[in-house]
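**Q** Next up is a structure, given as structure tokens.
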Amino acid sequence: MTGETSGPSAMETLLSTLDLEPIEVDIFRGRSPKVGWQRVFGGQVIGQALMAAQRTIDSERFVHSLHAYFMRPGDPSVPTIYQAERIRDGSSFNTRRVVAIQHGKAIFALSASFQVEEPGFEHQIAMPEVEMPEALLGEQQIKEQYLAHAPEAIRKYWQRERPIEIRPVSLTHYFSDRKLDPKQDVWVRATGPVPDDRLYQAAVLAYLSDMTLLDTSLYAHGTSIFDQSLQVASLDHSMWFHRPCKLDDWLLYTQDSPSASGARGLTRGSLFTRSGSLIASVAQEGLIRKKANE
């Protein structure tokens, strides 16, 4: 009797998704996993575009910042073409621009800067004091204790297998319409091994940096991205890579939203290792608009 074989894990699928197919000089093809999404997850496009840029850079140089704009929703049913442009190659820094294209139109644009590693001044902000991830409810416990009576959108979100596990320090926001301070702390970690390769480590970090940010800007308004009366989407995304990290343990993603206005919300994030090392900073503005009454 032939034994059944299980399919790839969520992390293996993500790594395969980030492994772009070269189709011409500085032109790559990316695909989306078949997971039932109506549109491509923004973190996937960021990670794939960063991987395209990294594959045009010498091996001794690494990304230190990226700035990106989302222009159209991505269609997960078709490939995405990434066109990389070599803006500048200097003695210490390199600049790349990548445009993601579907159906003949640009859906996303990213600029990234790379640098030869060199010593310099060192300082960082302190990691906030929060409960360690082992003291918090795991995803299975959250499903068992909270999801039975949660709205369908929340149940689907937590029940889907993901390459990144999320362990919020507080769950109040998911199950309450109370207006809260616009800040949150979330532990995140890869659900499978990430290669000991800084290109993949940076791309996976960029992927997970798009998770949970938009929600923070809605805390002060007693709602969430699962509110069906809202139109919510990422507009832009910036990220600074401070220190390399192997992604083999939990990271604390601490976030705050300093402002919401003009149907937009701004959120800032800091990613720390368990030991308190700041590895990356993030800023994102998103659309948070009430849908017109039908």
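**Q** Please compute the modelled spin-label separation between F121 and Y69, points set 7 Å along Cα→Cβ, answer in nm with one decimal.
**A** Between Y69 and F121, the simple spin-label model gives 3.2 nm.
**Q** Please determine, in degrees from 0 to 90 and to the nearest 10, the orientation of helix 42-54 with respect to the longest principal axis defined by the Cα atoms of the chain, where the helix direction is its Cα long axis.
**A** 20
**Q** About the Cα centre of the chain, what is the dipole size in debye to 20, counting +1 per Lys and Arg Cβ and -1 per Asp and Glu Cβ, all else neutral?
**A** Approximately 940 debye in magnitude.
**Q** Please work out which option in (1) -0.61, -1.00, -1.15, -1.31; (2) -0.76, -1.01, -1.07, -1.14; (3) -0.67, -1.11, -1.27, -1.45 gives log10 I(q)/I(0) by the Debye sum over Cα atoms at q = 0.11, 0.14, 0.15, 0.16 Å⁻¹ calculated from these coordinates, and answer with its label.
**A** Checking each listed value against the structure points to (3).
**Q** Take the chain, connect every pair of alpha-carbon atoms lying under 10 Å apart with a spring to form a Gaussian network, then pick out the residue of F272, F62, F175 with the largest mean-square fluctuation.
**A** With Cα springs under 10 Å in the chain, the top fluctuation among F272, F62, F175 is at F175.
**Q** Then there's this: Once the Cβ-Cβ distance between R198 and F93 is put in as r, and R0 is 22 Å, what FRET efficiency do you end up with, to the nearest 0.05?
**A** Efficiency at R0 = 22 Å is approximately 0.85.
**Q** Sequence-distant or interchain residues sharing an amide H contact under 5 Å with R55, placed H: which?
**A** Excluding prolines and chain starts, which carry no amide H, there are no hits.
**Q** So for each of 6-13, 160-167, 177-184 I average, over its residues, the number of other beta carbons within 10 Å; can you give me the resulting order with the highest mean first?
**A** The most tightly packed comes first, giving 160-167, 177-184, 6-13.
**Q** Using per-residue counts of other Cβ atoms within 10 Å, averaged over each peptide, order 214-226, 259-271 from highest down.
**A** So the peptides 214-226, 259-271, ranked by packing, come out 214-226, 259-271.
**Q** Whole-Hz Karplus ³J(HN,Hα) for the range 18-32, in order, using 6.51 cos²θ - 1.76 cosθ + 1.60 and θ = phi - 60°, x for Gly and Pro?
**A** 7, 7, 5, 8, x, 10, 6, 4, 6, 10, 9, 10, x, 10, 10
**Q** So what is the calculated 222 nm ellipticity per residue for the chain, using -39500 (n - 2.57) for each DSSP H run with n of 4 or more, over all residues, to the nearest 500 deg cm²/dmol?
**A** Calculated at 222 nm, the ellipticity per residue is -5000 deg cm²/dmol.
**Q** Could you put D256, D210 in order of accessible surface area, largest first, with the 1.4 Å probe and the full protein assembly present?
**A** D256, D210
**Q** Let me ask something else. Can you tell me the FRET efficiency between R86 and D236 if r is taken as the Cβ-Cβ distance and R0 is 22 Å, rounded to the nearest 0.05?
**A** That gives a FRET efficiency of 0.45.
**Q** Enumerate the lysines that K290 could reach by cross-link, defined here as Cα to Cα under 24 Å, with residues fewer than 8 away along the same chain left out.
**A** K156, K179, K183
**Q** Can you list the aspartates and glutamates whose alpha carbon is less than 14 Å from that of K34, not counting same-chain residues fewer than 8 positions off?
**A** E12, D75, E161
**Q** Ignoring ligands, DNA and RNA, please state the percent of accessible area on the range 181-294 from carbon and sulfur, probe 1.4 Å.
**A** After summing per-atom areas, the C and S share lands at 49 percent.
**Q** Which trypsin sites (Lys or Arg not before Pro) from the range 40-127 combine a DSSP loop assignment with at most 16 other Cβ atoms within 10 Å?
**A** Those satisfying the criteria are R55.
**Q** Largest first and in whole Å, give the semi-axes of the range 1-132's equivalent ellipsoid, each being the square root of 5 times a Cα gyration tensor eigenvalue.
**A** Rounded to whole Å, the semi-axes are 29, 23, 16.
The values are calculated or read from the model by the stated rules, or taken from the named source; none is laboratory data. Computed from a predicted structure; not experimentally measured. Because the Cβ atoms are built from the backbone with ideal geometry, glycine has one as well, and the counts that use them run over all protein chains shown. Side chains included, ligands, DNA and RNA excluded: accessible areas come from the protein's heavy atoms. Shrake-Rupley method; radii C 1.70, N 1.55, O 1.52, S 1.80 Å.
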